[in-house]
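Shown next, in structure tokens, is the structure this report addresses.
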Amino acid sequence: MKMIQILLATLLSVAALASCRADDAKDAKDTHEFACTCGEPDADFFGCLHPICADGKTNPDNPECACGPLIEEEE
Amino acid sequence: MRTILSYLALLTLTATTLAASPADRVRLKNGQYMVGTAKHYDGKTEILTFIAEDGTEQMIHIDELSPRSAYRAANSLAKTAEPARIVRIGNFARDIGLYAHAARHYRNALKKDPSLQAEVDAEMVTLRREAAVFCMSNAEEAIKKGDPKEAEKWLTTLVTKLPDEPLADKAAAMLEERYAAHHDSKDDQLEKDHADLLSKELRTGKLRYDSMLKKIQKGLTARNSSAAKRELEGAYKEGERALREIDKVEKQLEPSTELTQLLEGYRALVKEHMIGGQLALASFYTTQTSYSQALNEVNKALALDSKNTDALAARARIEQASSDGWGWGRRR
């Protein structure tokens, strides 16, 4: 019984993490309109419109992204 | 057995969690990337504590990092820093060419401490001057590469976003010199292939088109914003008239491949220029913080082409500026 509980908990945790990724995918779909332009002159001058960047975070997929702090300090 | 299963479950959870959390990445001045976890940045010593992938703790001075990574390290303090420090982080961003970041830091510093207005105004003078040099250098680089569209984009940006900068005069002169040559030639092939139709049925439409181009050119090169806006508004109206002429000719004449080619060709060119003119007009309005007017102008462009990426980006930027403030304008 205990074993089943552990397995169930594991499956649920994995499913929960997978659902986070599904949200990421949805975000990516929403971002389709504006690609991350960090590193390009347009973004330097106007700012980047990619939702992650516009949200003040760093886009992990673009090594040139300078949006967002390196370390999130708590207020 | 139970222990093994529990261990496996824990291992799965840990592995999945680790896979889901992205690693930090910083670039060193020598171009190498370091991947790991940024733990702490000390603003006084300017030392970044970084745990590399192999688990070793690295102490990296900000001077060892590439400008963008150094900025991100310094930016870690921006949320909690006192306003004077936020201005310094803004200066850092500005000095490495991240102008939009700099303007945002200045705005945030002022929100926290309005008494810094004079200091921020002084830093903004430098920001605008450096941003103007940046625009001009991008334009000159594009000219060197034979990319007139990119050159025009940066010259127009300089003229509409930084109209009071001395370099805006040079940009306007360069636009005046280059605009006609670049745009007048866009319908050369159509003129050559359909000379007869253009001299008869579509003569009025062609006159409207040429007049629209002239007005856009005047709008972009006028060194007075009222005159610029008047010309660009006039250009839009001429574009509308040209489109009406095209529709009229389409209804009047017998359909043919040649006619379709001509009318579709001009329709696309008219719309392309109308959109360009509207975006320049919106840019003038944004600079003057007339955001609703700017949105109106962009929406007119989107009515011509709802998927135009430049217009969609312009709309998003105006919406952003209307909520956060444009922050680049000269205080009057």
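Quick note: the coordinates plus some simple rules give every number you see, no bench work behind them. Keep in mind it's a predicted model, so treat the numbers as computed, not measured. A quick note on method: Cβ atoms are made from the backbone with ideal geometry, for glycine too, and the neighbour counts reach across all protein chains shown.
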inquiry  = Once the cut-off is 23 Å, how many percent of the Cα-Cα pairs in the range B:152-300 end up in the long-distance tail?
reply    = 38 percent
ask   = Tell me, what is the FRET efficiency for residue B:32 and residue B:117 to the nearest 0.05, using R0 = 41 angstrom and their Cβ-Cβ distance as r?
value = 0.45
query = Can you give the helix-only mean residue ellipticity at 222 nm for chain B, where every DSSP H stretch with n ≥ 4 adds -39500 (n - 2.57) and the sum goes over all residues, rounded to the nearest 500 deg cm²/dmol?
reply = -23500 deg cm²/dmol
query = How large is the Kirkwood hydrodynamic radius of the range B:220-316, in angstrom, based on all distinct alpha carbon pairs?
reply = 14.3 Å
task = Only Lys, Arg, Asp and Glu count, each charged at its Cβ (+1, +1, -1, -1), so figure out the dipole size of the range A:34-75 about its Cα centre, rounded to 20 debye.
result = 160 debye
inquiry  = Can you tell me the orientation of helix B:291-304 relative to chain B, as the angle in degrees between its alpha-carbon axis and the longest Cα principal axis, to the nearest 10?
reply    = 60 degrees
ask   = Stretch residue B:324-residue B:267 to full length: gain in nm at 0.36 nm per residue minus the Cα-Cα span?
value = 16.8 nm
ask   = Compactness ratio of chain B: Cα Rg over 2.2 N^0.38 Å, N = residue count?
value = 1.33
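Looking at this model, which pairs from B:153/B:214; B:200/B:300; B:29/B:170; B:186/B:248; B:218/B:307; A:57/B:170 are more than 25 angstrom apart at the alpha-carbon?
B:200/B:300; B:29/B:170; B:218/B:307; A:57/B:170
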note = re the range A:34-75: pairs of Cα atoms spaced beyond 11 Å account for a percent value of 60 percent
key: Top positive-direction residue, dipole computed over the range A:34-75 with Cβ charges, set A:45, A:34, A:56   = A:34
key: Sequence-separation-based contact order of chain B, relative, with Cα cut under 8 Å and 6+ spacing, percent   = 9 percent
query = Where does helix B:117-144 land angle-wise versus the long Cα axis of chain B, in degrees 0 to 90, nearest 10?
reply = 60 degrees
key: 13 Å beta-carbon shell around residue B:148, net charge (K/R +1, D/E -1)   = -1
